[in-house]
Amino acid sequence: MGKDITFEKNGVKVSGYLAEPTTKGPAVIIIHEWWGLDSPLSNIKELTDKLAQEGFVAFAPDFYNGKTADNPDDAGKLMMDMFENRMEEVNNIFRASVEYLKECDATSPKKVGVTGFCCGGTLSMYFADKANDIIDASVPFYGIPQLAPIDASNIKIPTFFILAEKDEFVKNDDVIDMAKAVWKNSVDVQVKVYSGVTHAFLNTKRPDVYNEEKANDAWKLAVEFFKTYLG
């Protein structure tokens, strides 16, 4: 359904995967896990297509610039290099992506949300803080807030934190504390902790952790949240 694209905005070159709905709709940026966009362990392109089927202009930027991993050691190196050394580039890619989506003919209304998984969930929290001037809603899936400098008191857009009860990477209490800080900004904030599942429970490429029932429910709630706040 979607297609790989490359574009340039304000001198920033961006590559990723774009899927458009059959009619016009708002936009959502979906951010890959630590595996990278095109890893055999990534289902992000499938989820991008699913967002388009729900009526969104969906774009998955490649924050690793073509690099991928198929094992945790290499994935961890790529992720930590991004968070420790490449965040200025990541910010530029994200802002260029938002501008591109707002200029797309298919995007109407001109609103943009962000969602992501694992390190992409972390970036969804991060951009809810650092880019709240250009985006309208965020749905982080099991993000890891200690990876990035996130000021939750600066998150002033509707945000829905989705967590896994048995997550071995995420300190759920920390995310709940973030939600409390967002709540003080008088914006809609929601938290859902899915019992009995662990990190990456929406990843169909990971049968060891994927849970169809909980994944379907979480996806449904995320889509409803975006439809509410993006129009």
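Below is a table of values for the structure above.
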| read-out | value |
| --- | --- |
| Residue within the range 156-168 that is assigned to a loop (DSSP other than H, G, I, E, B), basic (Lys, Arg) and closer than 27 Å to residue 27 by Cβ present | yes |
| Identity of the residue in the range 112-147, more than 14 Å from the chain's Cα centre (by Cα) and among the aliphatic types (A, V, I, L, M), that ends up farthest from residue 81 (Cα to Cα) | 134 |
| Residue match in the range 116-132 (condition: β-branched (Val, Ile, Thr), buried (at least 24 other Cβ atoms within 10 Å of the Cβ) and closer than 20 Å to residue 55 by Cα) | no |
| Tabulated pairs, the range 23-49, first among the hydroxyl-bearing types (Ser, Thr, Tyr), second surrounded by fewer than 20 Cβ atoms within 10 Å (Cβ to Cβ) and in a loop (DSSP other than H, G, I, E, B), C-beta under 8 angstrom, 6+ apart or interchain | 23/55; 39/68; 39/70; 42/68; 42/205; 48/2 |
| Qualifying positions in the range 116-156 - in contact with a strand residue (DSSP E or B) (Cβ under 6 Å, 6 or more places away or on another chain) and of a type in the set (A, V, I, L, M, F, W, C) | 117, 123, 125, 127, 128, 135, 137, 139, 141 |
| For residue 136: the one exception among (1) more than 24 Å from residue 225 (Cβ to Cβ); (2) of a type in the set (Asp, Glu); (3) buried (at least 19 other Cβ atoms within 10 Å of the Cβ) | (1) |
| Those helices (runs of 4 or more DSSP H) lying entirely in the range 30-145 with at least 2 residues small (Gly, Ala, Ser) | 72-85, 87-103, 119-130 |
| Matching residues in the range 51-73 - criterion: being under 20 Å from residue 205 (Cα atoms), more than 14 Å from the chain's Cα centre (by Cα), buried (at least 16 other Cβ atoms within 10 Å of the Cβ) and not small (Gly, Ala, Ser) | 64, 67, 68 |
| Test: residue in the range 97-110 that is in contact (Cβ under 8 Å) with a residue 60 or more places away in the chain and in contact with an Asp or Glu (Cβ under 7 Å, 6 or more places away or on another chain) | yes |
| Single unsatisfied condition, residue 184 versus (1) touching a residue at least 24 places away in the same chain (Cβ under 8 Å); (2) closer than 29 Å to residue 89 by Cβ | (2) |
| Boolean, residue 202 is among the hydrophobic types (A, V, I, L, M, F, W, C), in contact (Cβ under 8 Å) with a residue 60 or more places away in the chain and part of a helix (DSSP H, G or I) | no |
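The rows are residues; the columns are (1) modelled with pLDDT of 95 or more; (2) out of contact with any Leu (no Cβ under 8 Å at 6 or more places or on another chain).
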residue	(1), (2)
5	yes, no
9	no, yes
14	yes, yes
20	yes, yes
24	yes, yes
30	yes, no
34	yes, no
41	yes, yes
45	yes, no
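The values are calculated or read from the model by the stated rules, or taken from the named source; none is laboratory data. All figures in this text were calculated on a predicted structure; none of them were measured in a lab. All Cβ positions, glycine included, derive from the backbone under ideal geometry; neighbour counts span all protein chains shown.
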